[in-house]
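Below is one structure, written out as structure tokens, with a few remarks after it.
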Amino acid sequence: MAASQNGNFPRTPMYRMICRKPVWVTQFVTNNNSTSGALVEIRRLYVQNGQVIQNSKTSIAGMDTFDSVTDEFCNAQKEAFDDVNSFEDRGGLGAMSDAMDDGMVLVMSLWDDHAANMLWLDSDYPTDRPASQAGVSRGTCAPSSGVPADVENQAPNSQVVFSNIKFGPIGSTF
């Protein structure tokens, strides 16, 4: 789902439906729609009870609408939010495509963030900018939340189960 102007995910009927037994599908789209082309887009969709739900479109002032990750989206988002474009500085999707050609391993984990307290995910971040600035308010968590010592103290036995993981040609995994 795409974030709104303030960076929060809208609490729409689609949001409520997706939060109950979703299947997330991430598609890595190449320039020639093959497994050997250059990566040009990362698309997300959701499947629930056999119904495919397309990703929502962004609604950010000063930006075109997007419903997937492309170099154009990343550049527009960084410009709209007056943020450092480290993705482009590191080569964007082209660099990611090159890395994928070398082979990658899927790694998923449960972790906390000793550098930024996970504020970049669901709070006001960066903390030196006003929450009213586009792209800063990213969720409802307090800027004082997410301190690793607190998280580890309050939830020392946290765990997660990743299951039903599939990979294959686009359209074959749901």
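The values are calculated or read from the model by the stated rules, or taken from the named source; none is laboratory data. This is a predicted model, so every value here is computed, not measured. No Cβ is skipped: glycine too gets one built from the backbone with ideal geometry, and neighbour counts run over all protein chains shown. These accessible areas exclude ligands, DNA and RNA; they are computed on the full protein's heavy atoms, side chains included. Shrake-Rupley method; radii C 1.70, N 1.55, O 1.52, S 1.80 Å.
To keep it simple, each residue is scored yes or no on (1) part of a loop (DSSP other than H, G, I, E, B); (2) surrounded by 16 or more Cβ atoms within 10 Å (Cβ to Cβ); (3) free of Cβ contacts under 8 Å to residues at least 40 places away in the same chain.
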{"residue": "32", "(1), (2), (3)": "yes, no, yes"}
{"residue": "35", "(1), (2), (3)": "yes, no, no"}
{"residue": "43", "(1), (2), (3)": "no, yes, yes"}
{"residue": "53", "(1), (2), (3)": "no, yes, yes"}
{"residue": "61", "(1), (2), (3)": "yes, no, no"}
{"residue": "66", "(1), (2), (3)": "yes, yes, no"}
{"residue": "76", "(1), (2), (3)": "no, yes, yes"}
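Only one of these is without any contact (Cβ under 8 Å) to a residue 60 or more places away in the chain, assigned to a loop (DSSP other than H, G, I, E, B) and farther than 29 Å from residue 35 by Cα: 134, 116. Name it. Reasoning before the result, please.
On the way: 134 fails: without any contact (Cβ under 8 Å) to a residue 60 or more places away in the chain.
Just a single option satisfies the conditions, and that option is 116.
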Revision key, fill the gap. Per the list (1) assigned by the TED database to the domain that holds residue 41; (2) charged (D, E, K, R); (3) touching a residue at least 12 places away in the same chain (Cβ under 8 Å), residue check on residue 124 breaks on (1)
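With 171, 91 as the choices, which residue is closer than 30 Å to residue 34 by Cβ and not assigned by the TED database to the domain that holds residue 42? Walk me through it before giving the result.
On the way: 91 fails: not assigned by the TED database to the domain that holds residue 42.
That would be 171, the only listed residue that is closer than 30 Å to residue 34 by Cβ and not assigned by the TED database to the domain that holds residue 42.
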Check your understanding: Given 142, 149, 134, which one is open to solvent by less than 40 Å² (accessible area, probe 1.4 Å) and either closer than 26 Å to residue 80 by Cα or of a type outside the set (Asp, Glu) (or both)?
Key -> 134
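Got a sec? Which of 43, 129 is under 25 Å from residue 161 (Cα atoms) and basic (Lys, Arg)? Steps first, please.
Numbers: 129 fails: under 25 Å from residue 161 (Cα atoms).
Only one candidate qualifies: 43.
Residues 96, 108, 104, 118: which one is more than 16 Å from the chain's Cα centre (by Cα), closer than 26 Å to residue 165 by Cα and either at pLDDT below 95 or among the aliphatic types (A, V, I, L, M) (or both)?
Working: 96 fails: more than 16 Å from the chain's Cα centre (by Cα); 108 fails: more than 16 Å from the chain's Cα centre (by Cα); 118 fails: more than 16 Å from the chain's Cα centre (by Cα).
Unique residue meeting the criteria: 104.
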**Study point:** Selection within the range 78-91 - part of a helix (DSSP H, G or I) and surrounded by fewer than 18 Cβ atoms within 10 Å (Cβ to Cβ)
**Key:** 78, 79, 80, 86, 88, 89
